[in-house]
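Trainee: Let me begin by handing over the structure; questions about it come next.
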Amino acid sequence: MRVLLVGGTGLIGSAIHARLSAEGHECVLVSRHTSIVQNARHVALDITQATDASAWKPALAGIDAVINAAGALQGQDMQGVHVAGSAALYAACESAGVRRVILFSAIGTNREVRSDFSRTKQEGEAALTTRDLDWVVLRPSVVVGRAAYGGSALLRGLASLPVLPVMPGTAPIQPVHLDDVVETILFFLKPGAPSRIALDLAGPRQMAFSDAVALFRRWLRWRPAYRLHLPAWAASGAYLAGDAAQRLGWPTPVNSTAEAEMRRGATGDPGPWRRATGLVPYDLEPALASEPASVQERWFARLYALKPLIFGVFGLFWIVTGIISLGPGWEIGMSYVREGGLGENVAALTVIAGALADIIIGLAILWRPSSRYGLWAAFIISLVYVVIGTVLVPRLWADPLGPMLKIWPVLMLNLVAMAIREDR
């Protein structure tokens, strides 16, 4: 079978692709950015821009079934991804005669709607179910597995903290294992599988979000963390900080949309799912115990929690350094350049140029689309500062405050930021 997998590089999409390939199916992956994926042809297509059925027709050539695993949690992308772009895909499927379409929605969207995420997911379901197609709508709860992204990554990151912040007003969740989600896809791709059906994919056990974090902490083999129940104002501050990071281009599972979803919870009845497919969903705790955590999971959990601090502090470090050079540190900077034998005008231009470069680098690091270039610029200019400082003021190497020696830890932090910048 030849399957078009939309959102094929995400957590769920990647797992589905790996399993389908192992079963001998051919996958055509669709995602916003071009990526190198084994055993698949990749189509770079921005769903938010593909709002006309004609944009999808080339990708549907020779396709037997479509799986739509694309999703967005925050921002204007939600309407484009969940509704406009997806509706165009379904229209193209109907026109091209591609009957089997499987959509990943979200648990609870058939009930109360409290956020744009739920609303657009609900509208996306309607865009599919009104078509003359053999559709299947799957509504997973929080999906967890060996791989981690989004909410499943957040669980691990929070599990690494010695103090667990407990958000107020959060409803229970019913985590579902990624393997069960993949098995469900295989079932619905079989000839004669039922269609025109919507199912909640929920694990067998409800738990508080903080209990799920504690479960992951035990899996990572750390002692129980102290639970700190945050007041409403502190929790709101954390969600607003996530919104700010989102505006800077950084995907984060902590934001105002997530707040609404966490208050609504992620629970459902797995009974219809079991009866329709014959699958018995994994309970999260024994499922995790069957795959003991290794050092890579422990490293990931700790680095995930540190990542926003690394980029935030590093970006602000460069910005503040530039501001100080133009303000209270002006005379100190000028004195260093004069000591190197440069004239007054050249010295002033050198200090100004360096300060402005620092500010631009800091801003580039904080803005995710340019962060790669900002990090490279920071790395290169740090080495340039070493060379210039050595030539103009070599005595700085012997300065007890170590201005030249401290550049090297900065370079190491720069390399760490480069290593963990990617999200997928």
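Trainee: Looking only at residues in the stretch 311-353 that are polar (S, T, N, Q) and within 19 Å of Val384 (Cβ to Cβ), which one is farthest from the chain's Cα centre (by Cα)? Give the steps one after another, and end with the answer.
Mentor: The first filter runs over the stretch 311-353 and keeps only residues polar (S, T, N, Q), leaving 321, 325, 335, 345, 350.
Then keep just the ones that are within 19 Å of Val384 (Cβ to Cβ); that gives 321, 325, 350.
Working: Thr321: 30, Ser325: 36, Thr350: 40 Å.
Only one residue tops the list, namely Thr350.
Yes/no per residue for (1) farther than 20 Å from Asp269 by Cβ; (2) open to solvent by 40 Å² or more (accessible area, probe 1.4 Å); (3) aliphatic (A, V, I, L, M); (4) modelled with pLDDT of 90 or more:
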{"site": "Arg119", "(1), (2), (3), (4)": "yes, yes, no, no"}
{"site": "Val136", "(1), (2), (3), (4)": "no, no, yes, yes"}
{"site": "Ala148", "(1), (2), (3), (4)": "yes, no, yes, no"}
{"site": "Leu161", "(1), (2), (3), (4)": "yes, yes, yes, yes"}
{"site": "Thr170", "(1), (2), (3), (4)": "yes, yes, no, no"}
{"site": "Val182", "(1), (2), (3), (4)": "yes, no, yes, yes"}
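Trainee: Against the condition open to solvent by 20 Å² or more (accessible area, probe 1.4 Å), free of Cβ contacts under 8 Å to residues at least 24 places away in the same chain and part of a loop (DSSP other than H, G, I, E, B), how does Pro191 come out, does it pass?
Mentor: Yes, satisfied.
Trainee: Being open to solvent by 20 Å² or more (accessible area, probe 1.4 Å), out of contact with any Phe, Trp or Tyr (no Cβ under 6 Å at 6 or more places or on another chain) and either assigned to a helix (DSSP H, G or I) or modelled with pLDDT of 95 or more (or both) narrows it down to one of Val391, Val386, so name that one.
Mentor: Values: Val386 fails: open to solvent by 20 Å² or more (accessible area, probe 1.4 Å).
Going through Val391, Val386 in turn, the sole match is Val391.
Trainee: If a residue has to be modelled with pLDDT under 90 and in a helix (DSSP H, G or I) to count, how many in the stretch 50-80 make the cut?
Mentor: Final tally of qualifying residues: 4.
Trainee: For Arg302, work out the one condition from (1) closer than 30 Å to Lys190 by Cα; (2) touching a residue at least 24 places away in the same chain (Cβ under 8 Å); (3) among the charged types (D, E, K, R) it doesn't fulfil.
Mentor: (1)
Trainee: For Pro409, are the conditions met, namely being farther than 21 Å from Ala245 by Cα, not in a helix (DSSP H, G or I) and not β-branched (Val, Ile, Thr)? If you could, list the steps in order and put the result at the bottom.
Mentor: Values: farther than 21 Å from Ala245 by Cα: yes; not in a helix (DSSP H, G or I): no; not β-branched (Val, Ile, Thr): yes.
In short, no.
The values are calculated or read from the model by the stated rules, or taken from the named source; none is laboratory data. All figures in this text were calculated on a predicted structure; none of them were measured in a lab. Cβ coordinates were reconstructed from backbone atoms using ideal geometry, including for glycine residues, and neighbour counts include every protein chain displayed. Heads up: the accessible areas ignore ligands, DNA and RNA and are worked out on the full protein's heavy atoms, side chains in. Shrake-Rupley method; radii C 1.70, N 1.55, O 1.52, S 1.80 Å.
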